[in-house]
Amino acid sequence: MAEIKVVITGATGMVGEGVLFECLQNNIVSEILIINRRHYELNHPKLRELILPDFFKLDQFTDHIKGYDGCFFCAGISSVGMNEENYTRITYDTTLSFARTFLSINPNSVFTYVSGRLTDSSEKGRLMWARVKGKTENDLMSLGFRSQYNFRPGIMLPFEGQKNWKKAYKWIAQLINLIAPKSILNIKEVGKAMINAVTVGYPKQVLETADIRKLAMATG
């Protein structure tokens with residue numbers, strides 16, 4: 001199987017860091033560019049970094065993002081304490097702007113977006129964050145990537161050695177894993193599934209927990 005080059009956003013966060021760890025260990029991935037708003041302290045032969053405080057300005061760094069096979073968009077924020085206008089600008093507007101620029105430079109690429117369990121594809125539900133995430137998913141699917149996938153994980157177990165992980169969250173995840181293991185993913189599975197989304201593909205664009213687990217086990 002041919003090697004791939006990928007971009008990861010959100011490596012300073014929980015999901016992005018775990019996906020980065022899997023990409024660093026996975027022999028299929030030959031090069032990784034992490035795009036963060038702040039520096040992530042890690043040195044590795046595969047790894048490059050672009051500090052981009054404003055994701056709306058990705059078009060000023062097109063030379064940095066040429067020649068990539070996939071983008072794993074793991075950046076995101078909590079909606080707690082935010083109104084819909086501000087949350088939409090950060091979650092929807094920023095993601096769509098970034099994706100459009102990435103697509104214009106890498107027209108044959110695959111784009112994966114981490115939304116979350118209970119995301120609302122109808123865009124009409126009562127939960128504000130779920131509506132915004134649903135609109136983001138829907139509009140990403142229409143951009144014209146070679147393939148575009150939306151990941152909806154629920155509770156996840158951390159990758160060994162992860163720094164960006166709250167102890168309370170880890171304890172809750174471990175507890176749920178004992179009670180209902182099929183409802184839990186580990187971050188390694190999420191990372192493998194994203195890599196396989198580029199190399200193998202999947203018949204559905206919206207992936208719930210069971211789909212992510214299945215894609216993680218796929219072989220080309």
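The values are calculated or read from the model by the stated rules, or taken from the named source; none is laboratory data. Since the structure is predicted, the reported quantities are computational estimates derived from the model, not experimental observations. Cβ coordinates were reconstructed from backbone atoms using ideal geometry, including for glycine residues, and neighbour counts include every protein chain displayed. Side chains included, ligands, DNA and RNA excluded: accessible areas come from the protein's heavy atoms. Shrake-Rupley method; radii C 1.70, N 1.55, O 1.52, S 1.80 Å.
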Residue match in the range 80-90 (condition: under 14 Å from the mean Cα position of the chain (by Cα) and modelled with pLDDT under 95): no
In this structure, is LYS57 open to solvent by 50 Å² or more (accessible area, probe 1.4 Å) and either touching a residue at least 40 places away in the same chain (Cβ under 8 Å) or among the basic types (Lys, Arg) (or both)? yes
Kindly state which strands (runs of 3 or more DSSP E) lie completely within the range 17-85 and contain at least 2 residues that are β-branched (Val, Ile, Thr) and closer than 21 Å to LEU103 by Cβ. 29-36
Within the range 91-113, tally of residues that are of a type outside the set (Gly, Ala, Ser), without any contact (Cβ under 8 Å) to a residue 60 or more places away in the chain and open to solvent by less than 70 Å² (accessible area, probe 1.4 Å): 12
Looking at this structure, is LEU52 open to solvent by less than 40 Å² (accessible area, probe 1.4 Å), more than 23 Å from LEU157 (Cα to Cα) and either free of Cβ contacts under 8 Å to residues at least 24 places away in the same chain or among the small types (Gly, Ala, Ser) (or both)? yes
Name the residue, out of GLY116, GLY154, GLY134, that is free of Cβ contacts under 8 Å to residues at least 60 places away in the same chain, open to solvent by less than 70 Å² (accessible area, probe 1.4 Å) and over 23 Å from THR12 (Cα atoms). GLY134
If we ask which residues in the range 184-220 are touching a helix residue (DSSP H, G or I) at 6+ places or on another chain (Cβ under 7 Å), outside any helix (DSSP H, G or I) and among the hydrophobic types (A, V, I, L, M, F, W, C), their number turns out to be 5
Among the residues of the range 102-114, is there at least one that is at pLDDT 95 or above and more than 27 Å from ASP211 (Cα to Cα)? yes
Identify, please: which residue in the range 1-24 is farther than 25 Å from SER78 by Cβ and modelled with pLDDT under 95 and is, among those, most open to solvent (accessible area, probe 1.4 Å)? MET1
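To keep it simple, each residue is scored yes or no on (1) modelled with pLDDT under 95; (2) surrounded by 21 or more Cβ atoms within 10 Å (Cβ to Cβ); (3) under 14 Å from the mean Cα position of the chain (by Cα); (4) within 18 Å of CYS74 (Cβ to Cβ).
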residue: LYS182; (1), (2), (3), (4): yes, no, no, no
residue: MET194; (1), (2), (3), (4): no, yes, yes, yes
residue: GLY201; (1), (2), (3), (4): no, no, no, no
residue: GLU208; (1), (2), (3), (4): no, no, yes, yes
Answer yes or no as to whether GLY81 is loosely packed, with under 13 Cβ neighbours inside 10 Å and on the phi > 0 side of the Ramachandran plot. yes
